[in-house]
Each structure stands twice: as structure tokens, then as C-alpha cells.
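The values are calculated or read from the model by the stated rules, or taken from the named source; none is laboratory data. These numbers were taken from a predicted model, which means no experiment stands behind them. Neighbour counts are summed over all protein chains in view; Cβ atoms, including those assigned to glycine, are modelled from backbone coordinates with ideal geometry. The accessibility values were calculated without ligands, DNA or RNA, using every heavy atom of the protein model including side chains. Shrake-Rupley method; radii C 1.70, N 1.55, O 1.52, S 1.80 Å.
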Amino acid sequence: MLFPHCLACCRISLVPFLSTRKGLKMPSSRAMSRPLSSKTVTSVPGAPKFPIRARVRRNSRRRMVEVTMDVPGREAPEPKSDRLPDIEEFVYNPVQASESSKSGIIAYIDTKMVKSISIGSKANWEIVLDGIKKMRFSGNAPVDSKGCEKAGRFLPPKERRFAVLVSSLLSSQTKDEVNHGAMQRLSENGLLDAAAIIETDEATIAKLIYPVGFYLRKAKYMKKVAEVCLAKYGGDIPNSLDDLLSLPGVGPKMAYLVMNVAWNNVQGICVDTHVHRISNRLGWVSQPGTMQKTRSPEETRVCLQKWLPKKEWDPINPLLVGFGQTVCTPLRPKCNICSVNNLCPSAFKESPNPTPKSSKKLRDK
């Protein structure tokens with residue numbers, strides 16, 4: 001179409017258009033060049049009836065006629081109220097998806113996503129979770145006997161809550177075995193009490209909790225947390241998520257764990273590095289609007305809580321942590337002994353037995 005009516009302003013070359021009409025010829029020399037009048041252009045059959053301003057661009061190599069049209073404005077199309085459902089929503093909730101399709105929403109699934117949908121999607125999460133529970137039945141993972149949940153289990157409720165908070169504070173970037181050893185040394189020295197921690201210098205605390213990750217910084221945090229707990233809560237710990245997150249050194253993972261264990265108040269999923277890694281390997285989580293892996297434990301937590309039933313929020317942490325410590329390890333996962341490897345999109349993608357460099361060199365010789 002020569003003159004589109006959908007644009008408010010357009011520029012069109014009339015060279016091929018005018019050359020086919022008798023009586024309309026382009027100037028053959030610079031001296032004969034002159035602007036074309038709007039009357040000349042509008043006299044062409046089929047031309048629009050609104051005013052057109054035309055001019056000839058002079059160039060040593062070629063000449064072009066540019067036409068500027070003032071097209072009457074049109075109303076902007078109404079924004080669509082419905083949205084295309086995310087691929088995760090469509091797969092996990094077929095009832096909701098079918099209702100959406102009835103109202104005119106169509107879900108498009110890329111053929112490249114078929115594998116990740118049929119294998120490693122939330123549609124089969126119950127089968128996968130049941131398989132992991134069976135693998136974890138032996139209870140031989142470090143988290144089962146030395147995790148934060150076990151801290152101060154023989155203490156009175158108030159003292160146990162404070163012990164769980166301290167254990168959670170020390171657990172960041174630290175293995176359960178190392179954290180458990182640090183908690184034992186603190187207990188032997190009577191330092192699972194807010195008042196006792198305040199009276200102890202940081203150097204002594206740091207020496208007792210070594211070699212937990214960032215032990216010097218954590219010794220400082222312990223004293224600050226003890227001061228707040230003693231001043232505001234009489235040596236107890238906060239009983240709300242927001243107050244826990246306001247404590248120095250306490251992040252979301254720790255706060256949700258403390259709420260679950262210390263107060264028996266499940267407000268969210270405790271996501272550590274194991275839960276974050278395994279949820280991505282199983283294809284349970286992804287960045288919003290994409291099929292890419294989540295970038296942080298906090299992003300994983302938000303994704304999991306959107307679809308995982310709340311009754312699974314509390315047990316999912318020790319379950320996946322133990323699974324990550326024994327089978328789905330960070331490096332060289334043991335996919336060959338995993339009973340749900342047929343439903344895992346990441347199965348066997350990391351070689352469990354890499355060839356040693358020394359053997360490779362001998363073979364190359």
C-alpha cells in the first residue's frame with residue numbers, strides 16, 4: 001500500500017510511482033529541479049485527499065522525492081486485560097489453565113521446553129519428593145544429627161530457642177559437622193546464654209567457634225545479638241520474622257529456620273545452598289518468565305512457596321539438605337544411585353568419576 005493510514009507521518013519515495021504516470025516526469029538536471037506542488041501529487045489517481053507536502057532532495061548521485069503526510073490521529077487500541085499464563089502455572093495447575101483457555105487465553109509451549117516440562121517439572125513433584133524421602137529413610141546425613149534443628153534440644157524452651165538462633169547464625173557458609181563442634185564448645189563454656197555472651201570478649205568467642213566460616217565477624221554478631229535479646233526480650237529471642245531479620249547477621253534462611261524450629265511457626269521455606277541447588281537441578285524453580293535457573297536462595301524460596309503446599313515447607317529443608325549431603329552432592333552427584341534420576345533433567349550431566357589427570361597423561365603417551 002503506497003500511503004499507509006496507520007502512521008501519523010511517513011516518508012515515501014515517489015520515483016517509481018511517478019515514472020509510471022504520464023505527464024509526471026522527474027527533472028533530468030539540477031537546473032530543472034524544483035519542488036513538486038501538493039496539487040501535482042494529489043492529482044494522481046488513488047492518492048489520498050488530505051494535504052501532502054513534497055520536496056526533491058538534491059544529490060549528486062540520485063534524486064529522491066520525500067513525501068510528508070499529515071494523517072488524522074486514531075484511537076490507541078485498548079490494552080488487553082488478560083495475560084498469557086507462565087509456563088510454570090500452566091503445567092502445575094491444569095484446572096486453572098483450562099479455565100483460562102475458556103476465557104480466551106492460549107498458552108504457547110516452545111518445543112524446546114517439552115523435556116523440561118515432562119521431566120523435571122512441578123507436575124511430578126510428589127513422585128520425586130516421595131522418592132527422596134525413601135532415600136533419606138536411613139537418616140545417615142550429617143544434618144540428621146548435627147543440624148541447627150538439633151541445637152540445645154535438651155535445654156529448657158527459652159534456652160533452646162536462643163541456642164537455635166546462635167546455631168543458625170553460625171551455620172552460614174559452614175558444614176553441619178563444623179557448626180555442631182562449635183556449638184558443643186560454646187555449651188561446655190556456658191556461652192549459650194545471652195548474659196554470658198555479653199560478658200565474654202570477642203577474641204574468646206572467636207577462638208571457641210573457629211573454624212566456622214567468617215568466625216571473627218560471627219563473634220561480633222553474637223555479642224550484638226545477645227545484647228538485643230537481653231535488653232528487649234529478657235534473654236529470649238524475637239517471635240516474629242521481621243524482628244528476627246532486624247538482628248545483626250541474620251538473613252532470610254536463618255530467620256525462617258528459627259521461626260520453624262524455635263517457635264513452631266512456619267512462615268516460609270528455609271532455603272540454603274542445598275535446597276537452592278537441588279530445586280534447580282530438579283527443574284522445580286526458575287527465574288520469573290524464563291526457564292533459567294534462579295540466581296539466589298531467596299529467589300528459589302519465593303518460587304517454591306508459590307506452588308509447594310505449605311505442609312511441606314518445614315520438612316523440605318532437612319529433607320533436601322540431607323539428600324544434598326549424601327546423594328545430590330554439589331560436585332559429582334551420585335546419579336547412578338538416585339532412584340529419581342529418570343525424572344531429573346540434570347541426571348548424569350556431571351560425570352561422577354572424572355578421569356584423573358595423571359591417568360590421562362599416561363594414556364596420551
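Mind checking whether some residue in region 342-349 is surrounded by fewer than 21 Cβ atoms within 10 Å (Cβ to Cβ), at pLDDT 95 or above and not in a loop (DSSP other than H, G, I, E, B)?
Yes, because at least one residue in region 342-349 is surrounded by fewer than 21 Cβ atoms within 10 Å (Cβ to Cβ), at pLDDT 95 or above and not in a loop (DSSP other than H, G, I, E, B).
Kindly indicate the residue of region 314-335 that is without any contact (Cβ under 8 Å) to a residue 60 or more places away in the chain and open to solvent by 40 Å² or more (accessible area, probe 1.4 Å) and also nearest to LEU257 (Cα to Cα) among those meeting that condition.
ASP314
Does region 279-310 hold any residues that are more than 23 Å from VAL266 (Cα to Cα) and surrounded by fewer than 14 Cβ atoms within 10 Å (Cβ to Cβ), and which are they?
Residues satisfying the conditions are GLN287, PRO288, GLY289, THR290, GLN292, ARG295.
Of all residues in region 186-195, which are surrounded by 14 or more Cβ atoms within 10 Å (Cβ to Cβ) and of a type outside the set (Ser, Thr, Tyr)?
Kept after step one, since they are surrounded by 14 or more Cβ atoms within 10 Å (Cβ to Cβ), are these residues of region 186-195: 186-187, 191-194.
Passing the criteria: LEU186, LEU191, LEU192, ASP193, ALA194.
Among the residues in region 212-223, are any of a type in the set (Val, Ile, Thr) and in a helix (DSSP H, G or I)?
Of all residues in region 212-223, those of a type in the set (Val, Ile, Thr) come to 212.
Narrowing the set further to residues that are in a helix (DSSP H, G or I) leaves none.
The answer is no; no qualifying residue exists.
Kindly provide the set of residues from region 236-272 that are closer than 20 Å to THR294 by Cβ, out of contact with any helix residue (DSSP H, G or I) (no Cβ under 7 Å at 6 or more places or on another chain) and part of a helix (DSSP H, G or I), ordered by number.
Within region 236-272, TYR256 is the sole residue that qualifies.
Take VAL228 and decide whether it is in contact with a Gly (Cβ under 8 Å, 6 or more places away or on another chain) and either outside any loop (DSSP other than H, G, I, E, B) or open to solvent by 50 Å² or more (accessible area, probe 1.4 Å) (or both). Full working, then the answer.
Working: in contact with a Gly (Cβ under 8 Å, 6 or more places away or on another chain): no; either outside any loop (DSSP other than H, G, I, E, B) or open to solvent by 50 Å² or more (accessible area, probe 1.4 Å) (or both): yes.
No, not satisfied.
Given the criteria of a type in the set (A, V, I, L, M), more than 26 Å from GLU298 (Cα to Cα) and open to solvent by 10 Å² or more (accessible area, probe 1.4 Å), does ALA203 qualify?
Working: of a type in the set (A, V, I, L, M): yes; more than 26 Å from GLU298 (Cα to Cα): yes; open to solvent by 10 Å² or more (accessible area, probe 1.4 Å): yes.
So ALA203 fits the description; yes.
Quick one: how many residues across region 192-209 are outside any helix (DSSP H, G or I) and more than 21 Å from LYS150 (Cβ to Cβ)?
Qualifying residue count, region 192-209: 2.
Mind checking which residues of region 262-272 are in contact with a Lys or Arg (Cβ under 9 Å, 6 or more places away or on another chain) and surrounded by fewer than 24 Cβ atoms within 10 Å (Cβ to Cβ)? Spell out the reasoning first.
Here is the first cut: in region 262-272, the residues in contact with a Lys or Arg (Cβ under 9 Å, 6 or more places away or on another chain) are 262-263, 266, 268-272.
Residues satisfying the conditions are TRP263, VAL266, GLY268, ASP272.
Within the bounds of region 163-172, is there any residue that is surrounded by 12 or more Cβ atoms within 10 Å (Cβ to Cβ) and more than 22 Å from LEU247 (Cα to Cα)? First the steps, then the outcome.
Start the filter on region 163-172 by keeping residues that are surrounded by 12 or more Cβ atoms within 10 Å (Cβ to Cβ), which leaves 163-172.
If we keep only those that are more than 22 Å from LEU247 (Cα to Cα) too, we end up with none.
Checked against the condition, which is being surrounded by 12 or more Cβ atoms within 10 Å (Cβ to Cβ) and more than 22 Å from LEU247 (Cα to Cα), region 163-172 yields no hits at all.
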